[in-house]
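Asks: One structure is given below, represented as structure tokens, and several questions about it will come after.
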Amino acid sequence: MQTTSPFNPFSPQAAVISGLFTMALILMGIILLIVAVLVVYVSYRFRASRQQDGEPFQNHGNRRLEIMWTVAPGLLVLVLFLFTLRAMHLSDPYVPPKMQPDLVVIGHQWWWELQYPKSGVLAANEIHIPIGKALLLRIVGADVIHSFWVPQLGRKMDAIPGHPNHVWLRADKPGKYLGTCSEYCGAQHAWMRIQIIAQTQADFDRWQQAQLEIPPQPTTGLAARGLQIFKDKTCENCHTIEGVEKGPAIGPDLTHLFLRKTLGTGILQNTPDNLARWLKDPTGVKPGIHMPDMRLTDLDVAALVAYLETSHE
Ligand code: CUA
């Protein structure tokens, strides 16, 4: 299942937002219907051909009607306001100060850095969470303002540099939930996809364990050559590979790239062929991105793919 429909919520927070939206939509639909019917009725009932002298009867002032059409919309706005307050309260529960988040999501141009402070897991782009639990997310921007939104699981939250925001996220059923960056942030804003992989606690624990394992580094074959190229080409100036080099998170952590389903924050499926395409011409695949073309030879690319796509076990 892969939808982003806000009409199909999978968490209490998203359900309350969806409920408010549906209620407002129905109310507005009813009003639209009343207005449309009245317009058609009045156009027909008072059309010029039925008037004796061409000019329809002019009706001025009707206190009862005027009170009605002032009070009725006022009440409607009040009702919507109260339901909105309730939805805001339920979709955005209070966060005690200094509460440690379950997950820190950092928006970069154009990918998501993920830190799980309670376990120490570092990841990118594909967000694994256990089901049935409200998780506290801290949302930050690394460079410009991004916005984190997975419509089926919760509310939208801006990722602002230097100003952490918090949002509660919860999924009640295992599955994949999609979202996107929801604040225009530059050339590749559209390819800043969010994937939430909601799992049972046991599956999540297994994933977390796999992320914590530092893969042994290859010593022979094409993969060993790939590791050497990774070092020689200074890839580690932007990317971390645990057990090799801890770089700054300018680009995504590549330690467990072979476990991810996508490349380029959702633009390509993670296959050896696609990774080769990516390494050969990153800006050809995703124009404007900060990863430079390293002018790799075909052999370099094949070695890097062999290195990055295998678990070295
Ligand atoms: Cu990040 Cu739009």
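The values are calculated or read from the model by the stated rules, or taken from the named source; none is laboratory data. Predicted model, so just to flag it, every value in this text is computed and none were measured. Every residue, glycine among them, receives a Cβ derived from its backbone with ideal geometry; neighbour counts consider all protein chains shown. Heavy atoms of the whole protein, side chains included, go into the accessibility calculation; ligands, DNA and RNA do not. Shrake-Rupley method; radii C 1.70, N 1.55, O 1.52, S 1.80 Å.
Asks: Rounded if a/c is under 1.5, else prolate if a/b is larger than b/c, else oblate: which is segment 189-313, with a ≥ b ≥ c the root eigenvalues of its Cα gyration tensor? Write down the numbers at each step before the final one.
Replies: Values: a/c = 1.71, a/b = 1.14, b/c = 1.50.
Verdict is oblate for segment 189-313.
Asks: How big is the antiparallel share of DSSP beta bridges in the chain, given as a percent to the nearest 5?
Replies: Antiparallel bridges make up about 70 percent of those DSSP assigns within the chain.
Asks: Of the chain, which part is the longest with no chymotrypsin sites (Phe, Trp or Tyr not before Pro) in a loop (DSSP not H, G, I, E, B) and with at most 10 other C-beta atoms within 10 angstrom?
Replies: Looking at the chain, 95-313 is the longest stretch - no exposed chymotrypsin sites (Phe, Trp or Tyr not before Pro) with at most 10 other Cβ atoms within 10 Å.
Asks: Moving on to the next point. Quick check for you: with a 1.4 Å probe and neighbouring chains kept, what is the accessible area per residue of segment 1-117, in Å²? Please list the in-between numbers first.
Replies: On the way: 8560 Å² over 117 residues.
Per-residue accessible area for segment 1-117 comes out at 73 Å².
Asks: Something else: Give me the one-decimal nm value for the distance between modelled label points at I67 and D232, 7 Å along each residue's Cα-to-Cβ direction.
Replies: Reported label-point gap for I67 and D232 is 8.9 nm.
Asks: Using only Cα atoms, figure out Rg for segment 104-252 and give it as a multiple of 2.2 N^0.38 Å. Please list the in-between numbers first.
Replies: Working: Rg = 16.5 Å, N = 149, 2.2 N^0.38 = 14.7 Å.
Expressed relative to 2.2 N^0.38 Å, the Cα Rg reads 1.12.
Asks: Please work out whether segment 180-225 counts as rounded, prolate or oblate from its C-alpha gyration tensor, where a ≥ b ≥ c are the square roots of the eigenvalues and a/c under 1.5 means rounded, while otherwise a/b larger than b/c means prolate and anything else oblate?
Replies: It comes out oblate by the Cα gyration axes.
Asks: Could you tell me the distance between the Cα centroids of segment 191-232 and segment 111-137, to the nearest Å?
Replies: Segment 191-232 and segment 111-137 have Cα centres spaced 15 Å from each other.
Asks: Between A187 and I250, what is the label-to-label distance in nm when each label sits 7 Å out along the Cα-to-Cβ direction?
Replies: A separation of 1.6 nm, rounded to one decimal place.
Asks: Work through the residues other than G243 whose Cβ is under 13 Å from its Cβ and net out their charges, Lys, Arg +1 and Asp, Glu -1. Don't skip to the answer; put the middle values down first.
Replies: Working: positive: K231, K246; negative: E213, E236, E242, E245, D253.
It works out to a net charge of -3.
Asks: Just the number: Rg to Rh for segment 27-93, Cα atoms, Kirkwood Rh, two decimals.
Replies: Working: Rg = 18.9 Å, Rh = 15.5 Å.
Across segment 27-93, the Cα-based Rg/Rh ratio is 1.22.
Asks: While we're looking at this one, here's another question. Give the Cα extents of the chain along the principal axes, in whole Å, largest first.
Replies: 100, 44, 35
Asks: Round to the nearest 10 and give me the degree value, 0 to 90, for the angle of helix 221-232's Cα axis relative to the longest principal axis of the chain.
Replies: It works out to around 70 degrees.
Asks: Can you compute the charge dipole magnitude of the chain about its Cα centre, using +1 on each Lys and Arg Cβ and -1 on each Asp and Glu Cβ, nothing else charged? Give it in debye, rounded to the nearest 20. Working shown, then result.
Replies: Working: 27 positive and 26 negative charges, 236 e Å.
That gives a dipole near 1140 debye.
Asks: Net charge within 11 Å of L122 by Cβ-Cβ distance, Lys/Arg positive one each and Asp/Glu negative one each, not counting L122 itself?
Replies: Values: positive: K246; negative: E113, E242, D253.
Neighbourhood net charge equals -2.
Asks: Okay, next question. Of K176/K261; K156/K176; K133/K173; K231/K261; K98/K246, which sit over 21 Å apart, Cα to Cα?
Replies: Values: K176/K261 12 Å; K156/K176 18 Å; K133/K173 11 Å; K231/K261 25 Å; K98/K246 28 Å.
Violating the 21 Å limit, Cα to Cα: K231/K261; K98/K246.
Asks: Here's something else I'd like to know. Charges only on Cβ, +1 for Lys and Arg, -1 for Asp and Glu: so what's the dipole of segment 246-313 about the Cα centre, in debye to the nearest 20? All intermediate terms of the calculation are to be shown ahead of the outcome.
Replies: Values: 7 positive and 8 negative charges, 47 e Å.
Dipole of segment 246-313, to the nearest 20 debye: 220 debye.
Asks: Sum -39500 (n - 2.57) across every DSSP H segment of at least 4 residues in the chain, then divide by the residue count to get the 222 nm mean residue ellipticity, nearest 500.
Replies: On the way: 7 runs with 111 residues, N = 313.
One gets -11500 deg cm²/dmol as the mean residue ellipticity at 222 nm.
Asks: While we're here: Rg to Rh ratio, segment 51-171, alpha-carbon atoms and Kirkwood radius? Please list the in-between numbers first.
Replies: Details: Rg = 24.6 Å, Rh = 18.1 Å.
Rounded to two decimals, Rg over Rh is 1.36.
Asks: Taking R0 as 51 Å, what's the FRET efficiency between N59 and D143 from their Cβ-Cβ distance, rounded to 0.05? Could you put the intermediate results ahead of the total?
Replies: Numbers: r = 62 Å, r/R0 = 1.21.
So, using R0 = 51 Å, E works out to roughly 0.25.
Asks: Still on this structure, please answer the following. Can you give the extra length, in nm with one decimal, that the chain gains between M28 and V77 once fully stretched, where that is 0.36 nm per residue apart less the Cα-Cα distance?
Replies: Details: separation 49, 0.36 × 49 = 17.64 nm, distance 1.12 nm.
In short, 16.5 nm is gained.
Asks: Using 0.36 nm times the number of residues separating R260 and K118, minus their current alpha carbon distance, what extension gain do you get? Please report the intermediate quantities before stating the final value.
Replies: On the way: separation 142, 0.36 × 142 = 51.12 nm, distance 2.13 nm.
Contour length minus the Cα-Cα distance gives 49.0 nm.
Asks: Cα axis of helix 12-45 to longest principal axis of the chain: angle in degrees, 0 to 90, nearest 10?
Replies: 30 degrees
Asks: Carbon-plus-sulfur fraction of the accessible area of the chain, 1.4 Å probe, in percent?
Replies: Its accessible area is 62 percent carbon and sulfur atoms.
Asks: Same structure again: What does the charge add up to near P6, with Lys and Arg as +1, Asp and Glu as -1, over the other residues with Cβ less than 12 Å from its Cβ?
Replies: Summing Lys/Arg as +1 and Asp/Glu as -1 gives +2.
Asks: Rounding to the nearest 10 and keeping the result within 0 to 90°, find how far the Cα-based axis of helix 298-308 lies from the longest principal axis of the chain.
Replies: That helix lies at roughly 80 degrees to the long axis.
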